[in-house]
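Asker: My questions all concern the structure below.
The values are calculated or read from the model by the stated rules, or taken from the named source; none is laboratory data. Only a predicted model underlies this, so the values are computations on that prediction, with no experimental measurement involved. Note: ideal-geometry Cβ built from the backbone for every residue, glycine included; neighbour counts use all protein chains shown. Calculation scope for accessible area: heavy atoms of the full protein, side chains included, ligands and nucleic acids excluded. Shrake-Rupley method; radii C 1.70, N 1.55, O 1.52, S 1.80 Å.
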Amino acid sequence: MKGKSIAFWGLAMSLAAVGCGPRSDFWDAPVDGAQPFALADAVAIADPSAGRVVLLTTDAARNVRERSVPLQRGYRAATLAPDRSKLFVVSAGDDGKLPPAGQTAQTPALQIVTTAGQTTYPLSQALDGLALDPRGQWVVLYAGGSSTELVSNPNELLLVDLTQPPSPGVNPVSHTLRSFGGKPQRFTFTEPLELPGGTRRLLIVETEQDVAVVDLLQPAAPEITIQLSSGQDATPAHPQGVAVSDGDPGPNDVRLAIREDDGNVVVATMLPATARDFSPELNLTAVGSTPTDMAWVRTDAGVLSLAVMVPQSTKAVLVDPTTGLTQDVALPAAYSRLSLVTAQSGESGSTGVAPVDVALLWNGAGSGNGGVAFWELGRVAGRPYRSVETVGVTAGVVSVTDVGGAHPELKILGTRQATFFLLDLQARTAAPFVTASSGVTLLPSTTGDRAWAYVQGSSQLASVDLVTLHPQDMRDERPISSLFEIAAADDPAHAARSLVALTQQGTWGATVYDAAAVGGADAHTAVAGILLEGTDAP
Amino acid sequence: MRLDVTLSLAALAAVCCAAPPLARAQVQPELVQAEHRPAVGLELSLGGRSERMGGGGFDAFSENRWMAELTMAASYRITGSLDDGLTIGALWNHGRAASRARGTDSSLDLDRLSLSLGAHRTVWRRLTVFGRLAPGAVRLHAGLAETSILNANQYGTNTTLSQTHWALAMEAAAGAAFRVGQLARPREHVFTLWLTAEGGYALAGSTTLALASNQGPVPARTDVPVQLGTVTPGGLFMNFAAALTF
């Protein structure tokens, strides 16, 4: 009898214990840290406190589907691939801490999330900085500013080759930069370069006071460090940007230009060396005052020059990479930025077999006015350029956005005022558009035939036809936090596209429009509680 | 029975006390038998119930798996006596779980209406055991006060997402009732107060929660419901109630 009684109470206690367990942590996780990204065919929302990425996809009929991709514990950072094909997420795992009860320990990892699935690269340490290769082959992880490690080495890099499967000790490969006191600030991946010893790509790492060149053919091999100084004393100079040229066909004219903050430009020519395949030969050139931008350009008869913007002197400087000789080009305004627009402007090959570049000059964020100008390089009698043609943009340009798609010749010029311009590189026109307020965000359509305009926090939305220049206002039903255009998941040709207006109120909602029909049809799909749908949802 | 006798003697004493003192020695006491009205066979009960809910979707509305409910029941003894009998009745439960799901106020209301078929048997003078079967229907109403919801009237506030679900239900329970006391007055029903405790298991159809705006259709707009997973309004339960029989 006593045994039966014990069994009864044991059963009762067991049932009570099963029933009294707390609910999943998901329901108590805040939504504050969530961050949206626009994949090409989905809106991806990194939801770190819930340990997942929510993928919101649409089809041609504007049907919306949500699904969750679980993340490792210890979310650190997420970055979108330049071509919007992947979302890179770095997680620390349990990182020395005990895992939650009943769960296995997780190590640091790089997760690559796409709508087709995910790939995980285990990492040897928890790093939070991500630098992405525009060609999609490499990812560099480094200790960023938000590292929570007790001790971390900012010069220790992990290089992940995305074309190779994960392999401990091989991929990712660890590379510690030799440091003279600096730590990485910017990373630049080059195109394949014809270097002595073969074609390869380089990773250029700028620290506060030097530049490191990593050979991506042998990522574990020691790098080349270019220490910078003014040339007059040992005071270190600080790199502000780099530009790389492959030069002419042949291996001995790859050049790396480094812009310093002390009015100098260093040109490093990669020449054959004995201890390694190549070694830089340095040439320091003074350009007068602090250069703000630079690019390798083809001038008269295809001659390679380094064009350097020196706005403090209202000029540009052309640097001969071989001799170091400079030529000043007086400009009509203190332009601080330049972009090569040769192909888009229809000027390529205008002088026959030898191309002459055309640069678009515009003001950087720090400048106030001056609009834009076309700098046609080359040479005519008496001056080292063919023409500098200003375009009547009356407001200071702070951003230049490529339209792309079917209209690469179009660029959207953003200003601080309540206006923006549509610049046509071929017609050399700049059509102004006046907005109801400043701070309008412009999003070119992937097809290039229209642009979307909205103000964060407002429900106003406009579609601008970039061919007819006709804007059409519309109003969303709630404040827009961000706007994305994504391809329909069921259309392999990506012809059907959806416009997704995301609102970050509550647990986030979205309004989905047919991107091709916006303005002509008001039909839309409303989604609410995006971050509320749990892992138990179907 | 002892209480009945006590009350009868008290009535006799009352009759004696009401007589004139002088007549007490001369008039033989008249035996007055206090008659009670026959038992109707009704039982009314009011109590609380704790029920374990199934399905992961319930997590959005509660921090544990249990729902507290109010229970009201009425039954009629169709055959037998107070000591042994069969009853038929109706049972209504109302429960509510409310919580915050990722910062959003959430609530889940449950109403269950059942037909009760029961049997009881007295095993001790104050203790009766019973069992019952109760087929019925259960209604779930889930609501969210979610601020990302579109307003049909964009200047409106306090819009919610909601869903109502009906399902067939069946529960079986067994328990015991402890007789606390009786109130017996002459020519009145004998009212008996009980405390009851029972446990059982409820079966009910599950539902996949898909909460939609309760504002009705809006032209040109298609609303996507918020999927919260499944809820099964049934499982283990315990009832504690006070019951009155007469």
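Asker: Please enumerate the residues belonging to the range B:67-83 that are open to solvent by less than 60 Å² (accessible area, probe 1.4 Å) and touching a strand residue (DSSP E or B) at 6+ places or on another chain (Cβ under 8 Å).
Answerer: Result: B:M67, B:E69, B:T71, B:A73, B:A74, B:S75, B:R77, B:G80.
Asker: Please specify each residue of the range A:377-411 satisfying the condition of being of a type in the set (G, A, S) and in a loop (DSSP other than H, G, I, E, B).
Answerer: Those that are of a type in the set (G, A, S) and in a loop (DSSP other than H, G, I, E, B): A:G378, A:A381, A:G382, A:G392, A:A395, A:G396, A:G405, A:A406.
Asker: Restricting to the range A:312-330, give me the number of residues that are open to solvent by 20 Å² or more (accessible area, probe 1.4 Å) and under 17 Å from A:G263 (Cβ atoms).
Answerer: 8
Asker: So which residues in the range B:205-233 are at pLDDT below 90 and either open to solvent by less than 30 Å² (accessible area, probe 1.4 Å) or in a loop (DSSP other than H, G, I, E, B) (or both), if there are any at all?
Answerer: If the condition is that a residue be at pLDDT below 90 and either open to solvent by less than 30 Å² (accessible area, probe 1.4 Å) or in a loop (DSSP other than H, G, I, E, B) (or both), then B:S213, B:N214, B:Q215, B:G216, B:P217, B:V218, B:P219, B:A220, B:R221 are the ones that fit.
Asker: So in the range A:500-520, with the set limited to residues that are more than 8 Å from chain B (Cβ to nearest Cβ) and not in a loop (DSSP other than H, G, I, E, B), which one is farthest from B:S106 (Cα to Cα)?
Answerer: Selected residue: A:V518.
Asker: If A:T525 satisfies all but one of (1) on the phi < 0 side of the Ramachandran plot; (2) away from chain B (no Cβ under 11 Å), what's the number of the condition it fails?
Answerer: Going through the list (1) on the phi < 0 side of the Ramachandran plot; (2) away from chain B (no Cβ under 11 Å), A:T525 breaks only (2).
Asker: Which of the residues that make up the range A:421-459 are among the acidic types (D, E) and in contact (Cβ under 8 Å) with a residue 40 or more places away in the chain?
Answerer: Hit for the range A:421-459 is A:D449, nothing else.
Asker: Would you check if there is a residue in the range B:170-183 being among the basic types (K, R) and in contact with a Lys or Arg (Cβ under 9 Å, 6 or more places away or on another chain)?
Answerer: Among the residues of the range B:170-183, at least one is among the basic types (K, R) and in contact with a Lys or Arg (Cβ under 9 Å, 6 or more places away or on another chain), which makes the answer yes.
Asker: Then there's this: Sort out which residues of the range A:460-471 are modelled with pLDDT of 90 or more, assigned to a strand (DSSP E or B) and not aliphatic (A, V, I, L, M), and write them in order of number.
Answerer: If the condition is that a residue be modelled with pLDDT of 90 or more, assigned to a strand (DSSP E or B) and not aliphatic (A, V, I, L, M), then A:S463, A:D465, A:H470, A:P471 are the ones that fit.
Asker: Within the range A:68-99, how many residues turn out to be more than 17 Å from A:A487 (Cβ to Cβ) and in contact with a Leu (Cβ under 7 Å, 6 or more places away or on another chain)?
Answerer: Total satisfying the criteria: 8.
Asker: I need every pair where a residue in the range A:312-325 that is among the charged types (D, E, K, R) has its Cβ under 8 Å from the Cβ of a residue that is in a loop (DSSP other than H, G, I, E, B), sequence separation at least 6 or different chains.
Answerer: So the pair list comes out as A:K315/A:G288; A:K315/A:L331.
Asker: Which of the residues belonging to the range A:104-113 are under 22 Å from the mean Cα position of the chain (by Cα) and either open to solvent by 30 Å² or more (accessible area, probe 1.4 Å) or within 22 Å of A:V151 (Cα to Cα) (or both)?
Answerer: Result: A:A109, A:L110.
Asker: Taking the range A:104-135 on its own, how many of its residues are touching a residue at least 24 places away in the same chain (Cβ under 8 Å), more than 22 Å from A:N153 (Cβ to Cβ), hydrophobic (A, V, I, L, M, F, W, C) and not in a strand (DSSP E or B)?
Answerer: Residues in the range A:104-135 being touching a residue at least 24 places away in the same chain (Cβ under 8 Å), more than 22 Å from A:N153 (Cβ to Cβ), hydrophobic (A, V, I, L, M, F, W, C) and not in a strand (DSSP E or B): 0 in total.
Asker: Right, here's the next one. Evaluate the range B:166-182: report whether one residue or more is in a strand (DSSP E or B), within 9 Å of another protein chain (Cβ to nearest Cβ), at pLDDT 85 or above and crowded, with 16+ Cβ neighbours inside 10 Å.
Answerer: No - not one qualifying residue is present in the range B:166-182.
Asker: Here's a follow-up. Are any of the residues in the range A:352-374 assigned to a loop (DSSP other than H, G, I, E, B), of a type in the set (S, T, Y) and either more than 20 Å from A:A430 (Cβ to Cβ) or modelled with pLDDT of 90 or more (or both)?
Answerer: No, the conditions are met nowhere in the range A:352-374.
Asker: So which of A:P30, A:P82, A:P48 is within 14 Å of chain B (Cβ to nearest Cβ) and within 20 Å of A:V139 (Cβ to Cβ)?
Answerer: Criteria check complete, one pass: A:P48.
Asker: Do you know which of the residues in the range A:230-280 that are of a type in the set (S, T, N, Q) and more than 20 Å from A:V310 (Cβ to Cβ) is least open to solvent (accessible area, probe 1.4 Å)?
Answerer: A:T269
Asker: A:D476 is checked against (1) touching a Leu at 6+ places or on another chain (Cβ under 6 Å); (2) closer than 16 Å to A:T511 by Cα; (3) touching a residue at least 40 places away in the same chain (Cβ under 8 Å) and fails just one. What number does that condition carry?
Answerer: Answer for A:D476: the failing condition is (3).
Asker: Given the conditions (1) away from chain B (no Cβ under 14 Å); (2) farther than 14 Å from A:L158 by Cβ; (3) assigned to a strand (DSSP E or B); (4) open to solvent by 40 Å² or more (accessible area, probe 1.4 Å), report the number of the one that A:A101 does not fulfil.
Answerer: Unmet for A:A101, out of (1) away from chain B (no Cβ under 14 Å); (2) farther than 14 Å from A:L158 by Cβ; (3) assigned to a strand (DSSP E or B); (4) open to solvent by 40 Å² or more (accessible area, probe 1.4 Å): (3).
Asker: If you don't mind, there's one more thing I want to ask. Just one of A:G414, A:G448, A:G457, A:G439 is surrounded by 16 or more Cβ atoms within 10 Å (Cβ to Cβ), part of a loop (DSSP other than H, G, I, E, B) and away from chain B (no Cβ under 14 Å); which is it?
Answerer: A:G448
Asker: Restricting to the range A:215-238, and then to whatever is touching a residue at least 40 places away in the same chain (Cβ under 8 Å) and under 23 Å from the mean Cα position of the chain (by Cα), can you tell me which residue is farthest from A:P192 (Cα to Cα)?
Answerer: Applying the filter and picking the extreme gives A:P219.
Asker: Can you list residue pairs whose Cβ atoms sit under 7 Å apart, with the first residue in the range A:400-420 being of a type in the set (F, W, Y) and the second being assigned to a strand (DSSP E or B) and modelled with pLDDT of 85 or more? Count only pairs 6 or more apart in sequence or on different chains.
Answerer: A:F420/A:I412; A:F420/A:L413; A:F420/A:G414; A:F420/A:F433; A:F420/A:L442
Asker: Do we find that A:A489 is closer than 29 Å to A:S85 by Cα, under 23 Å from the mean Cα position of the chain (by Cα) and either open to solvent by 60 Å² or more (accessible area, probe 1.4 Å) or away from chain B (no Cβ under 14 Å) (or both) in this structure?
Answerer: no
Asker: Please go through (1) surrounded by 15 or more Cβ atoms within 10 Å (Cβ to Cβ); (2) among the β-branched types (V, I, T); (3) modelled with pLDDT under 90 for A:I480 and return the number of the only condition it doesn't satisfy.
Answerer: (3)
Asker: Any residue at all in the range B:202-216 that's touching a residue at least 60 places away in the same chain (Cβ under 8 Å) and within 17 Å of B:R49 (Cα to Cα)?
Answerer: Within the range B:202-216, one or more residues are touching a residue at least 60 places away in the same chain (Cβ under 8 Å) and within 17 Å of B:R49 (Cα to Cα).
Asker: Another one. A:R497 is checked against (1) within 14 Å of chain B (Cβ to nearest Cβ); (2) crowded, with 18+ Cβ neighbours inside 10 Å and fails just one. What number does that condition carry?
Answerer: (1)
Asker: Among (1) within 12 Å of chain A (Cβ to nearest Cβ); (2) open to solvent by less than 40 Å² (accessible area, probe 1.4 Å); (3) modelled with pLDDT of 95 or more, which single condition is B:Y201 missing?
Answerer: If we test B:Y201 against (1) within 12 Å of chain A (Cβ to nearest Cβ); (2) open to solvent by less than 40 Å² (accessible area, probe 1.4 Å); (3) modelled with pLDDT of 95 or more, just (2) comes out false.
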